[in-house]
Amino acid sequence: MDVTLTVNGAQQTLQLDDPRVSLLDALRQRLDLTGTKKGCDHGQCGACTVIVNGRRINSCLTLAVMHDGDEITTIEGIGTPDNLAPLQRAFIKHDGFQCGYCTPGQIVSATAMLEELRQGWPSQLTGDLGAADLTDEEIRERMSGNICRCSCYPNIVDAIRDAAGETGSQAGGQPGARLAAEGAA
Amino acid sequence: MRQFDYSRAASPADAIGTDARIIAGGTNLLDLMKLQVETPDRLIDVNHVGLDRIERDGDGVRIGALVRNADCAADETVRRDWPLLSHAILAGASPQLRNRASTGGNLMQRTRCYYFYDLDAPCNKREPGSGCGAIGGINRIHAILGASESCIATYPGDMAVAMSALDAVVEVEGPNGRRDIPATEFHRLPGDTPERDNTLEPGEMILSVRLPAPLGGRHIYRKVRDRRSYAFALVSVAAVVAMDGGRMSNVRLAFGGVAHKPWRVPEAEALLEGQAPAPDLFDRAAEAVLDGARGQGHNDFKIPLLRRTLSAVLAEATEGAE
Ligand SMILES: Cc1cc2nc3c(=O)[nH]c(=O)nc-3n(C[C@H](O)[C@H](O)[C@H](O)COP(=O)(O)OP(=O)(O)OC[C@H]3O[C@@H](n4cnc5c(N)ncnc54)[C@H](O)[C@@H]3O)c2cc1C
Ligand code: SF4
Ligand code: FES
Ligand code: FES
C-alpha cells in the first residue's frame, strides 16, 4: 500500500508491504530520519515524539498507514546544525542532556508544548483551568511525557524557560508559526 | 505483532456490524498488539469518519467518539460547565498520549493488570479458564470492591470516572440500531466472565458521549498515584458538591482505581445531601462507599487511602463555601 507523508515539508510516498510498520519505524528505517528515537516502543518514555498535523504524539503507538496525507515534523525539521532552533540552542547552553538519547523527543515535545501554552490549554496544575503561566511547575507537568533516564530535568526546565522567553516575545516567529501553519493545513 | 488486514472507514457505517476491530488513537490497542495480548485479524481505522466535534445538546453537550482527550479537556464549554471532566482527563496519561487518545478508545481501554499483559501468566480475562495470576500473586494495583473469584482487575482510566459522576450517557450504534448506555452501566463487574470489560456488544461502535445539564458547584478530581504525573491511579475520587445555605447539595461522587468499573455509591451521596459538612459525616460516607470492600494483600492500603482521600476531597469541596 502507498502512504504519502509530508515530512519536514517534503512530500514522500512510501510503499509499505506490511501495515504493521509503526510511524516511528517508517521514519527511522524507511526515511532514514534517525533523530527520532525508540526508547520503550510502548508510549511510556516520549523519545519517539513527533509533531503530526500540529500535535505532538508518540510515533511508536501509531501505524504509518494511519497517517496517509498527514504532515509530520521530526527533530530534523526543527533545526539543523547550521541553523539551530531556539530550543536547540538553549539545550546546549543549559547542558540539558547527558547521553542525549531523550533529547530529540524533549525538544520536539517542548516545541509543541509551547504552542499548546500559547493556545491557552490547561494542565492538571492549572487549578481554575484558565490560561497558565510558564512556571517551572507547569513546564515539568507539561513535559511529563518525556522521561530522561540521565535525569537532566533541572537543566531541561532551564533550557525550556530560556527558549520560551526568547520565542514568546516574538509572537508568530519560530517555532510557533510553523506549527500554526501545519495545524491549519 | 501478528499480521492483520488494515482498512480505513469513510463513515461510521463502515465500522458498525463488522468483525473488524476498531482502531482510533491506537494508544492502547497497538500497545497490546505488540505484546500479542490482542491479536485482531482485521483493523478498521475510524480516524476519518468525523465524530470529532463537541456540540451543544439542549442544556448539555455531545462529545464525538473521535474527539481527542486533549481537545475535550481544553474545550471552553467543558472547562466552564463540567470542569470535573477536564480535570480527570488532564490527570491521565501524558500530553502526547492525550493528543492522540480518543473519547471512545479511552472508555474502551483495557486493564493494566500485570498478568493480563504477561502471556506466560494465567489470566481469565485474556484467556478464559486459565486462572487468575493476581489472586494470591502481586496485586498492589488491584480491586478492593466488586471483584470476583475469577478476576480482581481494575478499570484503569480517569475520564470515565468523571463521566460516571456526571451521569453521562454513552451513545452507541450496532447492526440493530442505536442505543444509550448510562456511563455508570457502561463498564461491568467481572463475575465469571472477566473477558468482557463492558456492555458494548460485538459489532457496536461508540458514536458519542452525552453530558446532561451542568450541575454547578465545585468540581474536584483527586488522583493518588506513585508519582505526580504520567501514572495510573491507585485511588481516584471525582466529586461535585454545591453549597446551599451551609448545606451540601447536588452531591456526586465516583471512584477510580478500586474496581472493574468506575465506582458510584448513591447511598453515600444521599448521606451527604442536604447536610452541613462535618468530618464524622465524611467518615460515614466513606464507610458507605467501602461497604463490602476487601483487600487482596498488597492492595489492603487502598481501603484507608480511599477513606482519607474522600475526606480530604469533601473538606476541600466545602471549605469556605456557603
Ligand atoms: C504509558 C501510558 C500511560 C497511560 N496513563 C493513563 C492514565 O493515567 N489514565 C488514563 O485514563 N489512561 C491512561 N492511558 C491510557 C490511554 O488513555 C488510552 O490508551 C487511550 O485513551 C485509548 O484511546 P485510543 O483512541 O488510543 O484507543 P485505541 O487504542 O485506538 O482503542 C482502544 C480500544 O477501544 C476500541 N475503540 C476505540 N474507539 C472505539 C469506538 N468509537 N467504538 C468502539 N470501540 C472503540 C478499540 O477497538 C480498542 O479495543 C495511558 C496509556 C499509556 C500508553
Ligand atoms: S485480575 Fe483479571 S486481568 Fe488480572 S490476572 Fe486475574 S483474571 Fe487476569
Ligand atoms: S518509544 Fe514511543 S514513547 Fe517510548
Ligand atoms: S540525556 Fe540521557 S536519557 Fe535524557
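Find how many whole Å separate the alpha carbon centroid of region B:160-211 from the alpha carbon centroid of region B:47-80. Taking the Cα centre of region B:160-211 as reference, the centre of region B:47-80 is 17 Å away. Within a straight-line Cα-Cα reach of under 19 Å, A:Lys93 can be paired with the following aspartates and glutamates, leaving aside sequence neighbours fewer than 8 residues apart in one chain: A:Asp82, A:Asp136, A:Asp158, A:Asp162, A:Glu166.
Mind ranking B:74-81, B:52-59 by how tightly packed they are, going by the mean number of other C-beta atoms within 10 angstrom, highest first?
Numbers: B:74-81: 17.0, B:52-59: 13.0.
Sorting B:74-81, B:52-59 by mean packing, highest first, produces B:74-81, B:52-59.
Each label point is 7 Å from the Cα along the Cα-to-Cβ direction; what then is the distance between the points at A:Glu137 and B:Glu195, in nm? Reported label-point gap for A:Glu137 and B:Glu195 is 4.8 nm. Taking one equal scatterer on every alpha-carbon of region B:218-318, how large is log10 of I(q)/I(0) by Debye at q = 0.11, 0.20, 0.24, 0.25 1/Å? Per q value, in the given order, log10 I(q)/I(0) is -0.31, -0.97, -1.34, -1.43. Once the Cα-Cα distance is subtracted from the 0.36 nm per residue extended length, the B:Phe301 to B:Asn176 segment shows a gain of 40.5 nm.
Quick check on region B:101-209: what does the Kirkwood estimate of hydrodynamic radius come out to from the alpha carbon pairs, in Å? Don't jump to the answer; show the numbers that get you there.
Numbers: mean 1/r = 0.0679 Å⁻¹.
Hydrodynamic radius (Kirkwood, Cα pairs) of region B:101-209 is 14.7 Å.
Filter the cross-link list B:Lys125/B:Lys261; A:Lys38/B:Lys223; B:Lys34/B:Lys261 down to pairs whose alpha-carbon distance in this structure exceeds 22 Å. Among B:Lys125/B:Lys261; A:Lys38/B:Lys223; B:Lys34/B:Lys261, the Cα-Cα distance tops 22 Å for A:Lys38/B:Lys223; B:Lys34/B:Lys261.
About its Cα centre, the dipole of region A:86-167 is roughly 340 debye, where the only charges are +1 on Lys and Arg Cβ and -1 on Asp and Glu Cβ.
The calculated FRET efficiency for the pair B:Arg294 and A:Asp82, based on their C-beta separation and a Förster distance of 60 Å, comes to about 0.40. DSSP beta bridges fully contained in chain B are about 85 percent antiparallel. Other protein chain C-beta atoms within 10 Å of residue C-beta, averaged over B:98-108: 2.
Beta-bridge orientation, chain A: approximately 90 percent antiparallel, per DSSP, counting only bridges with both partners inside.
Separation of region B:219-259 and region A:96-112, taken as the distance between their Cα centroids, equals 34 angstrom. Answer with one residue from A:Gly79, B:Ile138, B:His187: the one whose Cα lies farthest towards the positive end of the charge dipole of the protein assembly as shown, charges on Cβ with Lys, Arg +1 and Asp, Glu -1. So the residue we want is B:Ile138.
Helix-derived [θ] at 222 nm for the protein assembly as shown: sum -39500 (n - 2.57) over DSSP H runs of at least 4, divide by residue count, nearest 500?
Mean residue ellipticity at 222 nm (helix-derived): -8000 deg cm²/dmol.
Protection proxy ranking, highest mean first, for peptides A:11-22, B:229-240: B:229-240, A:11-22, where packing is the per-residue count of other beta-carbon atoms within 10 Å, averaged.
With a Förster radius of 30 Å applied to the C-beta separation of A:Asp32 and A:Met1, the computed FRET efficiency comes to 0.90.
Shape class of region A:2-78 from the alpha-carbon gyration tensor: oblate, with a/c at 1.5 or above and b/c at least as large as a/b.
Using just the Cα positions, wrap chain B in a convex hull and report its mean projected area in square nanometres, one decimal place. Before the final figure, lay out the partial values.
Numbers: hull surface 63.9 nm².
Here the figure is 16.0 nm², rounded to one decimal.
Across peptide A:112-119, the mean count of Cβ atoms from other chains lying within 10 Å of each residue's own Cβ comes to 1. Taking every DSSP beta bridge that has both ends in the protein assembly as shown, the antiparallel portion is near 85%.
Could you work out, residue by residue across A:143-152, how many beta carbons of other chains sit within 10 Å of that residue's beta carbon, and then give the average as an integer? Please list the in-between numbers first.
Values: counts 3, 9, 9, 4, 2, 0, 0, 0, 0, 0.
Counting Cβ atoms of other protein chains within 10 Å of each residue's Cβ and averaging gives 3.
Convex hull volume of the Cα atoms of region A:86-167, normalised per residue: 76 Å³.
Taken together, the values in this text are just the output of simple stated rules run on the coordinates, not laboratory data. Here the structure is a predicted model, which means the values were calculated and not measured. Reconstructed Cβ throughout: ideal geometry from the backbone, glycine too, with neighbour counts over all protein chains shown.
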